[in-house]
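Just below is one structure, and these are the notes that go with it.
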Amino acid sequence: MKERMPRIIETSRFGALTVEDGDAVVFPKGIPGFDDHREWVIAGEDEDPIKWLQSMSDADVALPVTTPSAILDKYAPRFADEELEEVRLGSDENMLLLVVLSLPPGEPWDMTANLRAPIVLNHVKRIGKQIIALNEDYPLKASVLPEPVRNALKAKAEKSEDAAARAAAEPGGD
């Protein structure tokens with residue numbers, strides 16, 4: 001049997017990523033908006049709650065993801081059985097849910113999570129699919145951070161911007 005060598009993919013966010021045999025996750029139909037991206041790898045530090053779903057076909061495409069439990073204590077999406085068949089492949093024990101995060105440029109405090117359409121992964125078979133949950137009460141853009149934290153981060157950023165603007169306005173400032 002021929003031994004497969006690890007693949008090295010160059011990414012714009014992480015530099016060179018070594019992808020071992022069996023690390024890639026296949027999305028047979030791609031991910032909505034990224035239909036041509038069929039192979040992905042999960043990147044990021046183990047201790048970080050936010051990981052990145054990095055496309056293996058495009059160095060510039062990476063989606064921030066996290067587990068729903070990082071946002072909600074109780075998350076129980078329901079799915080149509082026919083939607084799950086592609087990734088179920090046997091037991092539900094092998095299923096893992098991730099939610100895609102959206103980070104507005106320059107305003108990370110307004111980060112949201114798509115709780116309505118989580119990514120369902122079979123971590124044993126290494127196959128995934130983004131599926132719209134039947135629970136209509138889960139939003140497409142749920143705030144990740146509590147309002148007091150969002151407000152504090154925003155105020156801190158504005159204070160830093162004001163200080164930088166004052167420093168630039170002083171004689172000899174840039």
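Residues are listed down the side, and each one gets a yes or a no for (1) touching a helix residue (DSSP H, G or I) at 6+ places or on another chain (Cβ under 7 Å); (2) of a type in the set (D, E, K, R):
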site	(1), (2)
Ser12	no, no
Pro28	yes, no
Val41	no, no
Asp48	no, yes
Met56	no, no
Pro64	no, no
query: When you go through Val120, Val124 one by one, which is the residue that is at pLDDT 90 or above and in contact with a helix residue (DSSP H, G or I) (Cβ under 8 Å, 6 or more places away or on another chain)?
result: Val120
Given (1) modelled with pLDDT under 90; (2) in contact with a His (Cβ under 8 Å, 6 or more places away or on another chain), index of the condition Asp92 fails: (2)
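Residues are listed down the side, and each one gets a yes or a no for (1) without any contact (Cβ under 8 Å) to a residue 40 or more places away in the chain; (2) surrounded by 13 or more Cβ atoms within 10 Å (Cβ to Cβ); (3) over 30 Å from His37 (Cβ atoms):
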| residue | (1), (2), (3) |
| --- | --- |
| Leu115 | no, yes, no |
| Arg126 | no, yes, no |
| Asp137 | yes, no, no |
| Leu140 | yes, yes, no |
| Pro146 | yes, no, yes |
| Leu153 | no, yes, yes |
| Lys156 | yes, no, yes |
| Ala167 | yes, no, yes |
query: Looking at segment 36-43, is at least one residue over 25 Å from Pro146 (Cα atoms), acidic (Asp, Glu) and touching a residue at least 24 places away in the same chain (Cβ under 8 Å)?
result: no
message: Taking the criterion of being basic (Lys, Arg) and either farther than 21 Å from Gly30 by Cβ or touching a Gly at 6+ places or on another chain (Cβ under 7 Å) (or both), would at least one residue in segment 59-75 satisfy it?
response: yes
- prompt: In segment 34-56, how many are of a type in the set (A, V, I, L, M) and assigned to a loop (DSSP other than H, G, I, E, B)?
  reply: 2
message: Going residue by residue through segment 8-15, is there one that turns out to be surrounded by 10 or more Cβ atoms within 10 Å (Cβ to Cβ), touching a residue at least 12 places away in the same chain (Cβ under 8 Å) and within 11 Å of the chain's Cα centre (by Cα)?
response: no
query: Out of (1) among the small types (Gly, Ala, Ser); (2) in contact (Cβ under 8 Å) with a residue 12 or more places away in the chain; (3) surrounded by fewer than 18 Cβ atoms within 10 Å (Cβ to Cβ), what's the single condition that is false for Ser69?
result: (2)
task: Taking the residues in segment 14-33 that are at pLDDT 85 or above and in a loop (DSSP other than H, G, I, E, B) as candidates, determine which candidate is nearest to Ile132 (Cα to Cα).
output: Pro32
message: Suppose the filter is in contact with a Pro (Cβ under 7 Å, 6 or more places away or on another chain) and either surrounded by 10 or more Cβ atoms within 10 Å (Cβ to Cβ) or touching a residue at least 60 places away in the same chain (Cβ under 8 Å) (or both); does Thr18 pass it?
response: yes
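The values are calculated or read from the model by the stated rules, or taken from the named source; none is laboratory data. Keep in mind that this is a model prediction, so the values were computed, not measured. Here Cβ is always computed from backbone atoms with ideal geometry, including for glycine, and neighbour counts include all displayed protein chains.
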